[in-house]
C-alpha cells in the first residue's frame with residue numbers, strides 16, 4: 001500500500017489557523033508535535049493560553065503535574081513531572097517564534113503556581129515575550145509557594161514591564177504583588193483593569209490609576225492592602241466594580257461619565273451612596289449587594305435603567321424616583337418600597353420569608369407597577385400561596401403581568417400552586433414553574449377579548465376586568481423532564497374556565513430543551 005498523502009497540511013495557513021481555532025487543545029498540541037506545518041500555524045495562533053494548576057492540597061503532589069487547559073472547550077492535558085521541561089520548552093518556543101516573526105498577540109493567558117525561583121524567572125520571561133509581541137489582553141493568575149521556605153512566602157512580584165506596556169488594552173491580575181513597582185506607570189492604551197487579591201498599597205494604586213488615562217472599566221476584588229481608594233481625572237471611566245474590601249476606610253470617586261456601579265460587601269452608608277449618586281447622574285446600572293450598613297436608599301435619576309439590591313440586611317426602605325427604570329432585582333426582607341417607574345420590563349424577586357404569602361409581601365408586589373416579566377425565586381412553594389381569606393379581601397397584586405417564572409426547590413401540589421399563581425396574576429399569558437424536585441412546566445394561555453364584568457362575579461370583584469376563569473380560551477402545556485398529572489390539570493381548567501375551547505399537552509425530552 002502506498003503512503004497516505006496529508007492533503008490537509010497543504011491548505012493555506014489562514015485556513016489551517018481557522019481549523020485550529022475549533023480544535024480541542026490536546027489535538028492541537030499533538031498536531032504541532034507531529035507536523036512542522038501545524039507547528040508553524042500554532043506559533044501564529046493569536047490567543048495562546050497556558051495554565052499550571054494545583055490538583056491537591058498535598059504539596060508533594062504539586063510537583064507531579066502541570067496542565068494546559070482550553071477553558072472554552074473544557075479540554076485538559078496533564079503535564080507530569082518528567083514532562084515539565086518539555087512543557088516549558090513548548091511555551092518558550094511558541095512565544096520566541098512569535099517575537100522573532102514580530103507577530104502581534106491578541107490575548108495571552110498565564111495561570112501559574114510559582115514553586116521556586118526558576119518558575120519565577122520563567123514566568124517573568126514568558127510575560128516579557130508577550131509584551132514584546134505587543135499583547136493587547138493580558139490575563140495573569142499568579143500563585144506563589146516556595147516549598148523550601150519555613151515562613152510565609154512573599155507574593156510573586158509582577159514585572160514592572162507589565163505596568164509600562166503601551167499595547168495592553170485589558171489587564172487582569174489575580175494574585176501577585178505590585179509593592180516593588182516604584183517607576184512611573186504608563187498604560188496609555190489600557191481600557192479595562194481587573195485586580196483580584198493583588199498585594200499593593202494606597203500609593204501604588206494611585207500611581208497605577210494615574211498611569212491609565214483612557215481607562216473605561218475598573219474592577220477591584222479583595223485587594224487587602226488597599227485602605228483608601230481615590231479615583232479622579234478619568235473622564236472615560238464608565239464602569240466601576242468594588243468587591244469585598246474589608247479594611248477600606250475611604251472611597252472617593254470622581255468619574256463624570258460613570259454609567260455602571262457595582263458594590264458588594266462594602267462598608268458604605270446612606271449618605272455616602274446618596275452623594276455618589278448625586279455626583280454621577282448618568283449612572284444607568286446600579287448593583288448593591290451585601291452592604292450591611294445601608295438602611296434607607298433614595299434614588300432620583302433620569303438615566304437609571306437597571307437596579308439590583310440584594311442581601312443588605314439592615315435595609316428598611318427604598319424610594320425610587322425614575323421614569324426610565326427597566327429592570328429591578330431585589331433579594332431580602334420585605335421593606336418599605338415605593339417607585340414612580342413606569343411598567344418595568346423585568347423584575348426578579350427573592351424574599352427571605354418562606355412562610356405563606358402574607359399581606360406585607362402582597363403589598364410589596366402591588367407596588368411593582370405590573371412588570372411585563374416577573375421571575376420569582378421562592379425556594380418553597382408555600383411562600384407564594386395566599387390564604388383563602390386574603391384572596392377574598394385583597395386585590396390581585398399583579399393583575400396586569402403577562403409572564404411569570406417561579407423557581408422552587410421543594411415538592412409541590414401542582415393544582416394548588418397554579419391556582420395560587422393565577423390569583424396573583426389572573427391574566428397570565430405565560431407561566432413557567434421550575435423545580436429541583438418536580439417537573440419543569442410551561443403554561444401558555446390565550447383569552448377572549450377582555451370585557452368588563454358584571455357585578456355578580458365574586459371571584460374577581462376587586463378587579464375592573466374579568467379574571468381568567470371567565471375569559472380563558474386555550475391552555476397549552478409543555479412539560480420538561482418528569483411526567484405530571486395531565487388529567488388532573490385538565491380537569492382543573494375544565495371545571496374552572498367557563499369558555500375553555502382547547503387544552504393541549506406536550507411532554508418534551510431533555511434533549512429537546514437544549
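Residue-normalised convex hull volume from the C-alpha trace of the range 367-503: 107 Å³ per residue. Between the range 175-242 and the range 405-424, how far is it from one alpha carbon centroid to the other, in angstrom? Using only Cα atoms to place each centre, the spacing works out to 48 Å.
Values in this text are rule-based calculations from the coordinates and carry no lab data. Source: prediction; values computed, not measured.
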